[in-house]
Amino acid sequence: MREINVAQVTETVAQLCIDACLYLGDDVVELLRQARKKEVSDFGCYIFERLLENLNIAAEQEIPICQDTGMTVVFLKIGQELHFTGGNLTDAINKGVRLGYQRGYLRKSVLTPLERVNTNDNTPAVIHTAIVPGDRLKIIVAPKGGGSENMSRLKMLKPADGIEGIKKFVLETIVEAGASPCPPIILGIGIGGTMEKAALMSKEALLRRAGTSSSDPIVAKLEKEMLELVNKTGIGPQGLGGNVTALAVHIETYPTHIAALPVAVNIQCHAARHQEAIL
Amino acid sequence: MSKIKLIQAPAIQEQITKLLIGEKVYLSGVIYTARDAAHQRLVNQLQAGQPLPFELKNQALFYVGPSPAKPGRVLGACGPTTSSRMDSYTPILLEKGLKMMIGKGQRSAEVVDAIKRNKAVYLVAIGGAGALMSQCIKKAELVDYPDLGAEAIRRLEVEKMPLIVAIDSQGNNLFAVGPKQYARE
């Protein structure tokens, strides 16, 4: 059985936190460049140019892309042949978050929900684990900002609502969100499963390379239709009007109950931050 | 691209009154940071008849919780946060002399009315452009509520902050007119 010392997990998580907050993936950068060409409004073009300029400044000066460096969401794909040594894995991840947010001068945005007392080190992380074949560990760190997360929604639709009901719910969510989640946005949508499965799929959908389609042709068609519908709302960059509201729509599905049609919409701003490493 | 107006903070009423929605401006001068928790405290202090940590008259509030400054820098990333979360606190602050607000996104009808009544202005910065905005901050110092961390009130000296007039002193609202022009059936 292969062994990994959790100290290695700590160091990896710390570095991924910093990298995620300073550097945006080339997939999103390319979508922003394309959107700049597609956008017809004066403000829209101005905003796309400033966002691209912002990414350059962030990388050159090593300043976070956005001051909201998020709540730290960590996905672990744990090979079933692996054995962790040297301590508690959850503690090791939180230690990595603590170190990363200190070393990287990232904002500590996590607090207790009722008393609203800041933990001052951005812990605890939200950790999702999956056991997979093999003897490797994949770590994905995806800091999620509050503005876009606040506008995300989940609804248990009726089976009779069907695909039209899904489209209606997604559009209502986007229109209600308006300027608040800092459009241009990327939409992660989870359809099926149970309530929590739909929510988790909507977040996992955001980890996909931005702008790539689902391998399922029916889902890919729905992604394309939803992207067009969202961009017809006119909300535009920063909600000031324009023809690019979303850069991409990613949908994940899972079988569900005969009585159910859960739909979760996770809204992501252009700072679609996620970095990964394999140990 | 239209010409970019230069404006000052603390506010000069004559400049504020002339601003119209859709105008791009560069703001220079002194502004104060305040977001959710700081707004709650400011309003609680006002309602209790206590003095505020700074004189509100003619001031500009920037809705921001910056990331920490690296050694040798003034401040970290500092883009705007969602203004609508401040809506319930805003009318009373406007009645007490607040003149300019800097944030992102729509405001409530009550806030639009209060802006009009008090001849104030709401400016939007580009959400998500925190590194870009940090280039405009020349000095930052803590004013009060240090226990709030990123949410503490700070006094910022800013130079040519790029902003857009979103609600003007006549109550015109860019969010009400902008998206309509681009909506398609």
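All of the numbers you see were taken from the coordinates with simple rules; none came from a lab. Note that this is a predicted model, so its numbers are computed, not measured. Cβ: placed from backbone, ideal geometry, glycine included. Neighbour counts: every protein chain shown.
Structure summary
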quantity	calculated
Gyration tensor verdict on chain B (Cα atoms; rounded if a/c is under 1.5, prolate if a/b is larger than b/c, oblate otherwise)	oblate
Per chain A, cysteines lacking a partner by the 4.7 Å Cβ criterion	A:Cys17, A:Cys21, A:Cys45, A:Cys66
Rounded to 5, the percent of DSSP beta bridges in region B:19-170 classed as antiparallel	65
Burial ranking of peptide ranges B:123-131, A:222-230, B:12-20 (average Cβ count within 10 Å, highest at the top)	B:123-131, A:222-230, B:12-20
Spatial separation of Cα centroids for region A:8-57 and region A:133-205, in angstrom	20
Inter-chain shielding of A:105-111 (mean C-beta neighbours from other protein chains, 10 Å cut-off)	5
Region A:29-98 - Debye-derived log10 I(q)/I(0), Cα point model, q = 0.16, 0.21, 0.22 Å⁻¹	-0.77, -0.95, -0.99
Centroid-to-centroid separation of region B:1-52 and region A:239-279 [C-alpha atoms, Å]	35
DSSP-defined beta bridges in region A:147-272 - what % are antiparallel, rounded to 5	55
Residue mean of other protein chain beta carbons inside 10 Å, A:236-246	6
Cβ-based net charge around B:Ile12, under 13 Å, with every Lys or Arg adding one and every Asp or Glu removing one	+4
Dipole magnitude of region B:19-170 about its Cα centre (Cβ charges: Lys, Arg +1; Asp, Glu -1), debye to nearest 20	300
Compactness index (Cα Rg / 2.2 N^0.38 Å), region A:50-188	1.30
Kirkwood Rh, Cα atoms: Rg over Rh of region A:136-279	0.96
Most mobile listed residue (A:Ala205, A:Ala246, A:Ala58) in chain A, GNM with C-alpha springs under 10 Å	A:Ala58
For chain A: rounded, prolate or oblate by the Cα gyration tensor [a/c cutoff 1.5]	oblate
Prolate/oblate/rounded call for region B:1-95, Cα gyration tensor, a/c under 1.5 rounded	oblate
Relative contact order (%) - criterion: Cα under 8 Å, at least six apart; region: chain B	29
Top positive-direction residue, dipole computed over chain A with Cβ charges, set A:Val249, A:Thr233, A:Ala7	A:Thr233
Highest-fluctuation residue, A:Thr123, A:Thr85, A:Thr194 considered, GNM on chain A with Cα pairs under 10 Å	A:Thr85
Chain A: calculated mean residue ellipticity at 222 nm from DSSP helix runs of at least 4, using -39500 (n - 2.57)	-13000 deg cm²/dmol
Two-site FRET efficiency, A:Ile218 against B:Lys138, from Cβ-Cβ distance with R₀ of 41 Å, rounded to 0.05	0.15
Among B:Ala120, B:Ala77, B:Ala48, residue whose mean-square fluctuation peaks in a GNM of chain B (springs only between Cα atoms under 10 Å)	B:Ala48
Square roots of 5 times each gyration tensor eigenvalue, C-alpha, region A:1-117, largest first, Å	35, 18, 13
Highest-first arrangement of B:91-97, A:271-277, B:60-66, A:173-179, where packing means the average Cβ count within 10 Å	B:60-66, A:271-277, A:173-179, B:91-97
Antiparallel bridge percentage (DSSP; both residues within region A:53-149; nearest 5)	55
Residue-averaged [θ]222 nm for chain B, counting only DSSP H segments that reach four residues, each worth -39500 (n - 2.57)	-6500 deg cm²/dmol
